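A.B. asks: Mind looking over this structure? Questions follow.
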Amino acid sequence: MDSFKEIWDLVRQELQQNVTEVAYNVWLSPLEFVSFKNDTIYLSISEFKKNIIIDKFSGIIDETLEAIFGFHVNVEFVIPEDKAKENSGISSSVKDSNDEYDYTFNNFITGPSNKFAYAAAMNVAKNPGKTYNPLFIYGHSGLGKTHLLMAIMNEIKANDPNANIIYTSAEHFTNDLIYHIGNHNTYVFHEKYRSCDVLLVDDVQFISRGDQVQEEFFHTFNALTANGSQIVLTSDRPPKEMVTLEERLRTRFEMGLIADIQPPTLETRMAIVNKKALDHELELPDDVVKFVADNIKKNIRQIEGIIKRIKAYQDVEGVKINLALAKRAISDIINDSQPLPVTVENIINEVARTFNVTPADIRSDKRNASISQARQIAIYVVDQVTGLSLKAIGAEFGNKHHSTIIYALKEIKGKLEKDVSLKSTVDDIIKNINEG
């Protein structure tokens, strides 16, 4: 294997740790290494994705490359001809990344906490547009909402290869709309979203930002339901708790079926641990299975990381899998059966994702309004949830003086008192950070 290709694999692993799962799967995972010449890395990606990646992820890609290579690396994107078609079949926002993952109904572990949502998703997949339209699935992060969404997509595609399916996120829908508005071709956007057979939208709670976005989503929703197209939405909360959502959208979200996913029972978690271990060709002792299941209760996505750590320890050290090894593997995630303190990096990534800027922007000295506000919010959230001193917070944001931090906190607190929508958004960020 080419040594630069191996280094790029390390870069991908680092990027996966520093962006959200959806952002990585949709945007960064499809990036393919082509070559490395004269301090420039050439990466293959579709033309459609190229614009968004440059706009939203160039900062974190540059930082990660420099950290791994040890020097500044230029990035050039190569657009292969076979990725030129963007508007047929499954939306380009997921069709590349989905090839690396096996999200099906068969490998979704069911239990009392998710059985209803599973059954509803299965029904929709077998009879799209006929029942439960829209289907609205909600629950905390890491409980399987995205898995069900992709399982629906894969099942419909298997039954009807010609189905025009769009899988996207609320964040991507927003960015896509902004892109087409900027290029004065919103008719292309309308044709894409209003003519599909199935629209699957992840993290729809983020659609409740901006009147123009809600207006567009409202008309898209109406056009699809009028055509008999299936709509499936996921969120971290039910429609009634999306306080910044327009009433006309809220009533439409509630007109179909609402299904929630709760944290799984111990028995279900143990089944998930065993399934993930089997996927990685591991056979875990019963006490290890129960230990992992006892300690990971809310975010099931963390189980995958623990299994990978156990696998790595076994492969690298050649040690026997036992309870002591499991405790080592889990130590990066929990401490005395409690979640580790929230890191500043997690907060900055969450704020960046919410406000459509990059983590590098937040840490920079850029002064445009959107980045400055995102930076102030990140400082505010760090102050609220980490317990760091003002001096320590300043160090995390480019060694800023504590007086600058005080000013930022005063500014954002004033904005939060006057802007109910912004306060709701910031409260959501803090909630997601604490529960993540």
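A.B. asks: At pLDDT 90 or above and either crowded, with 20+ Cβ neighbours inside 10 Å or closer than 24 Å to Leu28 by Cβ (or both), is that true of Ala352?
C.D. replies: No, not satisfied.
A.B. asks: Another question, then. Do we have any residue at all in segment 190-203 that's on the phi > 0 side of the Ramachandran plot, surrounded by 21 or more Cβ atoms within 10 Å (Cβ to Cβ) and of a type outside the set (A, V, I, L, M, F, W, C)?
C.D. replies: Yes, segment 190-203 has at least one match.
A.B. asks: Select, from Lys391, Lys366, the only residue that is part of a helix (DSSP H, G or I) and farther than 22 Å from Glu171 by Cα.
C.D. replies: The unique qualifying residue is Lys391.
A.B. asks: Answer with yes or no whether Lys126 is out of contact with any Lys or Arg (no Cβ under 7 Å at 6 or more places or on another chain), buried (at least 22 other Cβ atoms within 10 Å of the Cβ) and either among the basic types (Lys, Arg) or without any contact (Cβ under 8 Å) to a residue 24 or more places away in the chain (or both).
C.D. replies: no
A.B. asks: Moving on to the next point. Here are some residues: Asn25, Asn106, Asn114. Which one is closer than 21 Å to Ile152 by Cβ, buried (at least 20 other Cβ atoms within 10 Å of the Cβ) and modelled with pLDDT of 85 or more?
C.D. replies: Asn114
A.B. asks: Specify the residue that is modelled with the highest pLDDT; the eligible residues are those in segment 139-176 that are among the charged types (D, E, K, R) and in contact with a helix residue (DSSP H, G or I) (Cβ under 7 Å, 6 or more places away or on another chain).
C.D. replies: Checking each candidate, the answer is Glu155.
A.B. asks: Provide a single number: the residues in segment 60-75 that are surrounded by 14 or more Cβ atoms within 10 Å (Cβ to Cβ), of a type outside the set (Asp, Glu) and over 18 Å from the mean Cα position of the chain (by Cα).
C.D. replies: Total satisfying the criteria: 6.
A.B. asks: Looking at segment 215-273 only, could you name the residues that are acidic (Asp, Glu) and either surrounded by 20 or more Cβ atoms within 10 Å (Cβ to Cβ) or outside any helix (DSSP H, G or I) (or both)?
C.D. replies: Within segment 215-273, Glu216, Asp236, Glu246, Glu254, Asp260 meet the criteria.
A.B. asks: Within segment 25-46, count every residue that is farther than 13 Å from Lys5 by Cα and among the charged types (D, E, K, R).
C.D. replies: Of the residues in segment 25-46, 1 are farther than 13 Å from Lys5 by Cα and among the charged types (D, E, K, R).
A.B. asks: For segment 60-72, enumerate the residues that are of a type outside the set (Phe, Trp, Tyr) and at pLDDT below 85.
C.D. replies: Of everything in segment 60-72, those that are of a type outside the set (Phe, Trp, Tyr) and at pLDDT below 85 turn out to be Glu66, Ala67, Ile68, Gly70, His72.
A.B. asks: Taking segment 394-436, which residues are closer than 30 Å to Lys297 by Cα and not in a helix (DSSP H, G or I)?
C.D. replies: The one that is closer than 30 Å to Lys297 by Cα and not in a helix (DSSP H, G or I): Gly436.
A.B. asks: Could you list all residues from segment 302-326 that are crowded, with 16+ Cβ neighbours inside 10 Å and outside any helix (DSSP H, G or I)?
C.D. replies: Selection gives Ile321 alone.
The values are calculated or read from the model by the stated rules, or taken from the named source; none is laboratory data. In this text the structure is predicted, and so the values were computed from the model without any measurement. Note that each Cβ is placed from the backbone with ideal geometry, even for glycine, and that neighbours are counted across all protein chains shown.
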